[in-house]
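Here is the structure we will look at, set down as C-alpha cells.
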Amino acid sequence: MFVNRGIWDGNLFDGRMDTSFIARLPGRTFRLDFGRPLRADRIVIKVRDRQSADLSPDLDSFGNDASAEVSADLETWFPLSSTWGGKGTIAILKTPRDRLVRYLRLRGAPRRLSEIEAYLDGKPIDRTGWRASNLFQAYSEKPAVAAWRLVFRPEQVSRNAYLAVALNGKHGDEGATAALRVDGSPVGAPDRAVSFPSNTWEYKNVETDSNYTYYFPLSKSMAGKSIEIVALILRGGTNGVKPEAWITAYPPPWEKRELVLFE
C-alpha cells in the first residue's frame, strides 16, 4: 500500500520502474533538488515502462502547458526545451552544459513518475541526496500581494534560541508565509505551526486558514548581525493579519553559577 500510494520521493531514485511518485497534485508544481550544483547535458524522466499497459493515460501524460526550468540558486531560472520526447514513457530535457544547475521545476508533469536520472557525457550522475516535492504551487500562480518587514540586531543569542514569527489573524489556507534575511542571505523556517504540507502515511495534515507561526532557529553566530523578518500574504489570501515576532528558547537554557563568599 505504501508503494502504491506513491507518496515517497525515494521511489524516483531506486532504480525500479515498478515504483512511482505522484508528481502532479491539483494546482501544484513538481520540484527536484539535486542536493548540490552540478553540470549535466540531459535529464531523463521515466514515466513508465514501455512494456507496461497504459491503463490510465491521465497518469502518464504531460499537460498541454507542460514546461520545465532549472536554476542554481532558486533566484534565476532558465527555461528548457518544451519538446517532450517519448511522451508517455520517457521525456528528455536538454540542459545547458555551461551552467550549473541544482533545482528543476516542472509544470504539467504526469500524475506519476517512475524514475529521474541525469547524464553528463553519456555517464549517469550519482543521485545520492536527490529530493523531490509535489506540495507547493508555482510562485507565478500565487505571488505575494502584501508584505511586512522588521529589521533588528540581537545583542546576544542564548542556547536553543529560536525566533517565532506569528501571523495572527485570518490569511487563507497556505495564504501567508514568512522568512528571514540574515546579513542579506535568505533563511527559511524548518518548522511551522500548523505543520507544513506533507505526504503523510495513513493520515493527513491539519489545514487551517489562520494563525500560522513560523519557527527559525538562531545560532550564536547570528549575534550582532542584521536580521530582517519578512511576512508575506499571497494572492488569494486575506490581508487580515497582525504579524508579531518573539525570541524564546527551548529547552530552557538554564545556567548555574556558584557564589563563594569570604569574610
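Observations on the structure shown:
- Qualifying residue in region 41-63 (condition: part of a loop (DSSP other than H, G, I, E, B), over 23 Å from Ser198 (Cα atoms) and at pLDDT 90 or above): yes
- Single residue of region 205-255 satisfying the filter (charged (D, E, K, R) and touching an Asp or Glu at 6+ places or on another chain (Cβ under 6 Å)) that is farthest from Ala179 (Cα to Cα): Glu207
- Strands (runs of 3 or more DSSP E) contained entirely in region 94-205, each with at least 1 residues that are β-branched (Val, Ile, Thr): 101-107, 115-120, 144-152, 161-170, 176-182, 185-187
- Selected residue (only one of Asp173, Asp183 is among the acidic types (Asp, Glu) and touching a helix residue (DSSP H, G or I) at 6+ places or on another chain (Cβ under 9 Å)): Asp183
- Of the residues making up region 210-235, those that are over 20 Å from the mean Cα position of the chain (by Cα) and either outside any strand (DSSP E or B) or modelled with pLDDT under 90 (or both) are Leu218, Ser219, Lys220, Ser221, Met222, Ala223, Gly224, Lys225, Ser226.
- Which listed residue, of Ala118, Ala179, Ala166, is touching a Lys or Arg at 6+ places or on another chain (Cβ under 9 Å), outside the structural domain of Phe13 (by TED's automatic domain parsing) and surrounded by 15 or more Cβ atoms within 10 Å (Cβ to Cβ): Ala166
- Residue within region 9-29 that is part of a strand (DSSP E or B), touching a Lys or Arg at 6+ places or on another chain (Cβ under 7 Å) and either over 14 Å from Ala132 (Cα atoms) or outside the structural domain of Lys123 (by TED's automatic domain parsing) (or both) present: no
- Matching option when the condition is farther than 23 Å from Asn64 by Cβ and touching a Pro at 6+ places or on another chain (Cβ under 6 Å), among Tyr103, Tyr162: Tyr162
- Residue in region 194-208 that is over 30 Å from Met1 (Cα atoms) and polar (S, T, N, Q) present: no
- Test: Arg36 is modelled with pLDDT of 90 or more and farther than 16 Å from Leu106 by Cβ: yes
The values are calculated or read from the model by the stated rules, or taken from the named source; none is laboratory data. These numbers come from a predicted model, not from an experiment. So basically every Cβ, Gly included, is an ideal-geometry build from the backbone, and we count neighbours across all protein chains shown.
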